[in-house]
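All remarks here apply to the structure that follows.
Read the figures in this text as sums done on the coordinates, not as results from a lab. Since the model is a prediction, treat every value here as computed from it, not as a measurement. No Cβ is skipped: glycine too gets one built from the backbone with ideal geometry, and neighbour counts run over all protein chains shown.
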Amino acid sequence: MIFRKIAFFAIAVSFTAFLAGCNEDEKIMELQREVSILETRSDSLGVAVRTMSDVKPLTIIYDTVRAGEGPFHVFSRLKAMVEGGDADLGKVYLAMQDSVEFKLRVGEKFYIAVDGDKHVQRFRYAPNVITSHVVVRTDSGFVYKLVEKPVVKKQSAYEGALEEGSTLNGILLKVGIPRRMVGVVSGVLQCKVAFPLARAGDRFRILLEDSYYKDTWVSGKVVYAEFDGRIVGHHEAFRYEDPDPKSSYNAHYTETGDALVFDGLRYPLEHLRITSSYGSRVHPITGQVKVHYGVDYGAPTGTVVHAVAEGEVIVSGYDEFSGNKIAIRHRDGTSSWYMHLSARGVGVGAKVAPGQAIGRVGSTGRSTGPHLHYGFKNAQGAWINPLSKTMIATPKLSGERLARLKTQVAEIRKQTEITFASPAVKANDTTDVMVHTRVLQ
Ligand SMILES: [Zn+2]
């Protein structure tokens, strides 16, 4: 079982630490320091050792998140690695479960520092370069601390105009918007602007805010986006921040509180070939004229069918007409329907993501050959032409939130003007475009 051992990617390192008489903050800083030494050296050596003769040694052990894992999996392996000891990892988890939302990514590491009696003294998990979740053993039990390194925030202001024959993303890149943010910016713009109607010469202004730790980019957001088009008209998007940083209301809105979450529908199949459209037709089996409440897409049996938007599965079953069918209810009360499937991959109650595979094309029920019947019901439950549905509506801000948005809009307008008036610097090494930038306090 050599492979299993190697797969742990764990190393145990002898460390010393200042345990006697130090407070929690010192303990946390010490762990940070130990771990950063470990991280620095482990790239090349795999092991880092520091020795001091007069203090109690701690052993640092880490394990790495693998595909599809939650915190429990990593904790179980760490526990197994602390041979013979009661690692107290359950208590460590309890101390932070209300404060930490684990969104683990493959390759992230959980660190524990264990004393000579195999007791965990400290725990550390850092989801990014500036944030660490630390748990420390104290006389009164395990205590959780969020440790955040200071970041420098920088605003950058971009402006430009659409050009004949170039794509929106191409223009955004050309005016200096970093590649990592182009998709976000174009998503915000597309919520409000119908780009097939945008014309060369239409102008836009964008305000981005980026956070840096030392020289490392940590995160970025679109604070403000403005588009002024000859045909599409004038549009503005403002970034709203709820007091709760995890709130799903944190998104872009118009000045009056309409949400601008880009939630365009995905396609149910990768390749679309319409064999029968929505509306009246002669039924291929009965010969009667009747209304076809959906769109038929021809595709080979077994072709993967995708959810067109986020939602909850409300139907997953079989009947003699529709065959295997799935229906998904979306946030705005509408529902998408997928029929004649050869296989269903989700059950009633399942939450699905946009584009998620939910089943396979087939010819079950009343069907003359393999195809997907794709239907859409409005919030009142009546069939509508699925091709007329392009976006899932998002809620409007109201009450206290709307009042907060108004305050933030005023502040964003002020910031936008200040940043556009700030000194211009070259956008990057590969372009001559100048961008206005300002470091925030
Ligand atoms: Zn059909």
For this session: Return the ratio Rg/(2.2 N^0.38 Å) for region 366-439, where Rg is computed over Cα atoms only.
Result: 2.14
Exercise. Which lysines have a Cα less than 19 Å from the Cα of Lys154, not counting those fewer than 8 places away in the same chain?
Worked result: Lys214, Lys221, Lys414, Lys426
Problem set entry | Shape call, region 173-320: gyration tensor on alpha carbons, a/c limit 1.5 | prolate
Problem set entry | Relative contact order %, region 200-259, counting alpha carbon pairs below 8 Å whose residues are six or more apart | 24 percent
Seminar exercise, completed: Evaluated at 37 °C and 0.692 mPa s, the Stokes-Einstein D of region 335-378 based on the Kirkwood radius over Cα pairs, in µm²/s, stands at 289 µm²/s
Exercise. Hey, can you rank 68-75, 278-285 by average C-beta count inside 10 Å, highest first?
Worked result: 68-75, 278-285
Exercise. Based on the alpha-carbon gyration tensor of region 274-388 and its eigenvalue square roots a ≥ b ≥ c, which shape applies: rounded if a/c is under 1.5, prolate if not and a/b is larger than b/c, or oblate?
Worked result: oblate
Exercise. Under the classification rounded if a/c is under 1.5, otherwise prolate if a/b is larger than b/c and oblate if not, where does region 54-211 fall, given a ≥ b ≥ c as square roots of the Cα gyration tensor eigenvalues?
Worked result: prolate
Exercise. Roughly how many whole Å is it from the C-alpha centroid of region 210-239 to that of region 308-371?
Worked result: 37 Å
Exercise. Rounded to the nearest 20 Debye, what is the dipole magnitude of region 67-137 about its Cα centre when Lys and Arg each give +1 and Asp and Glu each give -1 at the C-beta?
Worked result: 160 debye
